[in-house]
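Student: Pasting a structure here, questions to come.
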Amino acid sequence: MKRLCVFCGARRGLRAEYAEAAAAVGQGLGRAGWGLVYGGGQVGLMGIVADAALAAGAEVTGVLPTSLDQKEIVHPGLHRMEHVGSLFERKASMMQLADAFLALPGGIGTLDELLEVVAWRQLGQSDKPVMLLNTAGYFEPWLEGLRQAVREGFLDQHELTRLIVVDTPAGLFARPEFAV
């Protein structure tokens with residue numbers, strides 16, 4: 001079974017579209033026969049995507065640093081929960097467990113995880129797909145920052161074009177990575 005690692009907020013955000021997209025991603029994973037790897041929390045978009053994936057029959061694995069057990073409220077219904085010692089270990093474990101990565105809207109932690117897998121890929125330590133679900137244009141400012149880095153000679157255009165950006169969950173699951 002292939003597994004998608006989803007990085008997303010431990011909060012719901014202000015727009016209903018974020019929660020709707022998270023639920024659609026979880027449902028889509030079940031329909032596509034993919035498993036979910038994520039941060040292990042029961043709150044925010046993390047909880048929504050996990051609940052929807054579980055309801056759709058997907059295998060769900062959480063990876064949570066022990067220091068966040070209380071803050072992120074551990075999801076009780078997962079197939080597997082991996083406790084690690086630090087955020088660094090969390091990202092390394094997720095990299096090993098997943099076949100592809102997807103970022104949904106989120107805060108600093110989400111962006112940190114996303115940038116780490118993009119950096120690993122840039123350095124040749126991974127060739128796994130990295131995708132953004134650009135719900136309601138959430139990632140546009142971040143993408144513009146990357147475009148600026150290209151314009152200023154700090155990033156190769158190739159790295160930007162390798163980043164898969166989709167606007168809807170339907171567009172995500174229409175990608176060849178999810179073909180049965």
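Student: Find the helices (runs of 4 or more DSSP H) located wholly in the range 114-173 whose residues include 3 or more that are touching a Phe, Trp or Tyr at 6+ places or on another chain (Cβ under 8 Å), surrounded by 13 or more Cβ atoms within 10 Å (Cβ to Cβ) and among the aromatic types (Phe, Trp, Tyr), and list them. Working first, answer last.
Tutor: On the way: elements: 140-151, 157-162, 169-173.
Per the criteria, no element qualifies.
Student: Regarding the range 77-94, can at least one residue be identified that is in contact (Cβ under 8 Å) with a residue 60 or more places away in the chain and either within 17 Å of the chain's Cα centre (by Cα) or farther than 22 Å from Leu45 by Cβ (or both)? Steps first, please.
Tutor: Quick first cut of the range 77-94, residues in contact (Cβ under 8 Å) with a residue 60 or more places away in the chain only: 94.
Still in the running and either within 17 Å of the chain's Cα centre (by Cα) or farther than 22 Å from Leu45 by Cβ (or both): 94.
Yes, that holds for at least one residue.
Student: While we're looking at this one, here's another question. Just to be sure I understand the filter: pairs with C-beta atoms under 7 Å, separated by 6 or more residues or on different chains, first member in the range 48-69 and charged (D, E, K, R), second member part of a strand (DSSP E or B). Which pairs pass?
Tutor: Glu59/Gly35
Student: OK, next. Taking the range 131-163 on its own, how many of its residues are of a type in the set (Phe, Trp, Tyr) and touching a helix residue (DSSP H, G or I) at 6+ places or on another chain (Cβ under 8 Å)?
Tutor: Of the residues in the range 131-163, the ones of a type in the set (Phe, Trp, Tyr) are 138-139, 142, 154.
Applying the additional criterion that residues be touching a helix residue (DSSP H, G or I) at 6+ places or on another chain (Cβ under 8 Å) yields 138, 142.
Number of matching residues: 2.
Student: Any idea which residue in the range 33-53 is farthest from the chain's Cα centre (by Cα), counting only those that are at pLDDT 95 or above and surrounded by fewer than 19 Cβ atoms within 10 Å (Cβ to Cβ)? Working first, answer last.
Tutor: At the first step, the residues of the range 33-53 found to be at pLDDT 95 or above are 33-38, 44-53.
From what's left, surrounded by fewer than 19 Cβ atoms within 10 Å (Cβ to Cβ): 33, 51.
Values: Gly33: 17, Asp51: 15 Å.
Looking at residues that are at pLDDT 95 or above and surrounded by fewer than 19 Cβ atoms within 10 Å (Cβ to Cβ), I get Gly33.
Student: Among the residues of the range 1-45, which ones are without any contact (Cβ under 8 Å) to a residue 40 or more places away in the chain, of a type in the set (A, V, I, L, M, F, W, C) and touching a strand residue (DSSP E or B) at 6+ places or on another chain (Cβ under 8 Å)?
Tutor: Across the range 1-45, the qualifying residues are Leu29, Leu36.
Student: Among the residues of the range 145-160, which ones are modelled with pLDDT of 95 or more and under 20 Å from the mean Cα position of the chain (by Cα)?
Tutor: Gly145, Leu146
Student: Which count do you get for residues in the range 158-169 that are farther than 16 Å from Val6 by Cα and touching a residue at least 12 places away in the same chain (Cβ under 8 Å)? It would help to see each step written out before you state the result.
Tutor: Within the range 158-169, the first condition is being farther than 16 Å from Val6 by Cα, and the residues that meet it are 158-162.
Now restrict to residues that are touching a residue at least 12 places away in the same chain (Cβ under 8 Å): 159-160, 162.
So the count comes out to 3.
The values are calculated or read from the model by the stated rules, or taken from the named source; none is laboratory data. The structure displayed is predicted, hence computed values, not measured ones. Every residue, glycine as well, gets a Cβ built from its backbone with ideal geometry; the counts of neighbours run over all protein chains shown.
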